[in-house]
There are 2 protein chains.
Amino acid sequence: MTAKSVQFWFEFASTYSYLSIMRIEERAAEAGFEIDWKPFPLGPIFKAQGWDNSPFNIYKAKGDYMWRDMERLCAHRNLPFVTPDPFPQNSLSAARLALAAQDEPWFVDYCKGVYAAQFGAGKNIADPDTLSEIVLRAGADPAHWLSRMGEDDVKQALKTRSAEAMELGIFGAPSFIVDGELYWGDDRLDQALGAGG
Amino acid sequence: MTAKSVQFWFEFASTYSYLSIMRIEERAAEAGFEIDWKPFPLGPIFKAQGWDNSPFNIYKAKGDYMWRDMERLCAHRNLPFVTPDPFPQNSLSAARLALAAQDEPWFVDYCKGVYAAQFGAGKNIADPDTLSEIVLRAGADPAHWLSRMGEDDVKQALKTRSAEAMELGIFGAPSFIVDGELYWGDDRLDQALGAGG
């Protein structure tokens, strides 16, 4: 039997993507799904909607709520949670490095490492030293991969990924796609994996 | 033992408020909560955020997704669902009538009737005939209650309710408050009623 597949679209600066990346492997395995990992940049999509900042910063009540919601959910899931400073972080380098390393065996460890550093340890993921340490811990060569992220094919791959997200109607992160159906938000993970609704 | 209490903040034109009002009584009873019903107008809050329309109309991808999400959720919950035309509906009269009737024994039936007419039967809740029919079905006198909604004390009560919502940091509907904690969205109903998170 071929495993079912879930596309997992995540943005490295996104708080709710942190919630999903820390549980999607276990949930997908239980439900018999393979994960198609799709790191993507949400900035261009927000810009197209007329936002030059996170809506959580633009709309204060919504932002205040989000931080409290994250605190409660992380406490319930036993996930460490630190408010990133600044927020949102500039995730361009982290995303380019992810696109460069998409086919590497340490790719998932790298992605989870970016979230753990940012939301668990309060590090700035725009800082090359932070990325170096994450790559090293994932078991790869930081010097090589940090230089890869500046190359044209990698930059282009991220632009293509961004265009693909917009084409699919994605407007926020995390998003999940199963059988052409779009599901938005960590709250929809179980539903995307077939648990009704 | 005193029952615990959940404040339920709902806007009559809100799609996701429809989902919550159709299940909150059962869920609250199971969890041992009394419901403190708080119909309120979201328009003034959206206006304060710079929106003169529903964000689902302003942001097309988000709107397209919301309609599909509602379709799926209503199908799963065996709720009829018709896209209101126009959307959002002008809910001012429906909300004023609710405030006028807040202490009446048929108040909850009226509120659910507004949602059923709008999202189940495709009626326009700005139409006095629609409201008359809902009041009549709830068991009260339409002529009396439709005239009440134009009176100053009722208009003022709705303005006070709106200010109270803003004061509490409410920015969307439905919202729930338990022990001073704000929960936003039908997705948070179970959590508000104590199911973890």
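Around A:Met22, under 11 Å between beta carbons, what's the net of Lys plus Arg minus Asp minus Glu among the other residues?
Charge balance near A:Met22 sits at +1.
For a quick check of your reading of the filter: which chymotrypsin sites (Phe, Trp or Tyr not before Pro) in the range B:1-108 sit in a DSSP loop and have no more than 16 other Cβ atoms within 10 Å?
Counting only loop positions with at most 16 other Cβ atoms within 10 Å, the chymotrypsin sites (Phe, Trp or Tyr not before Pro) in the range B:1-108 are B:Trp51, B:Trp106.
Around A:Phe56, what is the net charge, scoring Lys/Arg as +1 and Asp/Glu as -1 over all other residues with Cβ under 10 Å from its Cβ?
+1
Just to compare against my own numbers: the Cα pair-distance distribution for the range A:71-114, 5 Å bins, whole % per bin, please.
5, 19, 19, 19, 18, 16, 5
Return the inverse of the average 1/r over all pairs of distinct C-alpha atoms in the protein assembly as shown, which is the Kirkwood hydrodynamic radius, in Å to one decimal.
Value: 22.8 Å, from the Cα pair sum.
Restricting to bridges with both residues inside the protein assembly as shown, how much of the DSSP beta-bridge set is antiparallel, in percent to the nearest 5?
Antiparallel bridges: around 50 percent, rounded to the nearest 5.
Just to be sure I understand: if I project the alpha-carbon convex hull of the range A:1-115 onto a plane and average over all orientations, what area do I get in nm²?
Mean projected area for the range A:1-115: 8.4 nm², to one decimal.
Just in the range B:14-63: which trypsin sites (Lys or Arg not before Pro) are loop by DSSP and have at most 15 other Cβ atoms within 10 Å?
Within the range B:14-63, the qualifying trypsin sites (Lys or Arg not before Pro) (loop, at most 15 other Cβ atoms within 10 Å) are B:Arg23.
Which whole-percent values make up P(r) of the range B:127-197 when all C-alpha to C-alpha distances are grouped in 5 Å steps starting at zero?
3, 14, 16, 12, 14, 16, 17, 7, 2, 0
Within the range B:115-161, which chymotrypsin sites (Phe, Trp or Tyr not before Pro) sit in a loop by DSSP and count at most 15 neighbouring Cβ atoms inside 10 Å?
When the chymotrypsin sites (Phe, Trp or Tyr not before Pro) of the range B:115-161 are filtered for loop state and at most 15 Cβ neighbours within 10 Å, nothing remains.
With +1 assigned to the C-beta of every Lys and Arg and -1 to the C-beta of every Asp and Glu, and no other charges, what is the dipole magnitude of chain B about the Cα centre in debye, to the nearest 20?
About 460 debye.
In the neighborhood of B:Ser162, defined by Cβ-to-Cβ distances under 12 Å, what is the net charge if each Lys or Arg adds +1 and each Asp or Glu adds -1?
+3
Under a point-charge model restricted to the Cβ atoms of Lys and Arg (+1) and Asp and Glu (-1), what is the dipole moment magnitude of the range A:108-197 relative to its Cα centre, in debye to the nearest 20?
Dipole magnitude for the range A:108-197 comes out near 160 debye.
Using the Kirkwood radius over C-alpha pairs as Rh, can you work out the diffusion coefficient of chain B via Stokes-Einstein at 25 °C, viscosity 0.890 mPa s, in µm² per second?
It diffuses with D of about 143 µm²/s by this estimate.
Can you give the % of DSSP beta bridges in chain A that are antiparallel, to the nearest 5?
That works out to approximately 50 percent antiparallel.
Bear in mind that the values in this text are calculations on the coordinates, not laboratory data. From a predicted model like this one, the values you see are computed outputs, not experimental measurements. Every residue, glycine as well, gets a Cβ built from its backbone with ideal geometry; the counts of neighbours run over all protein chains shown.
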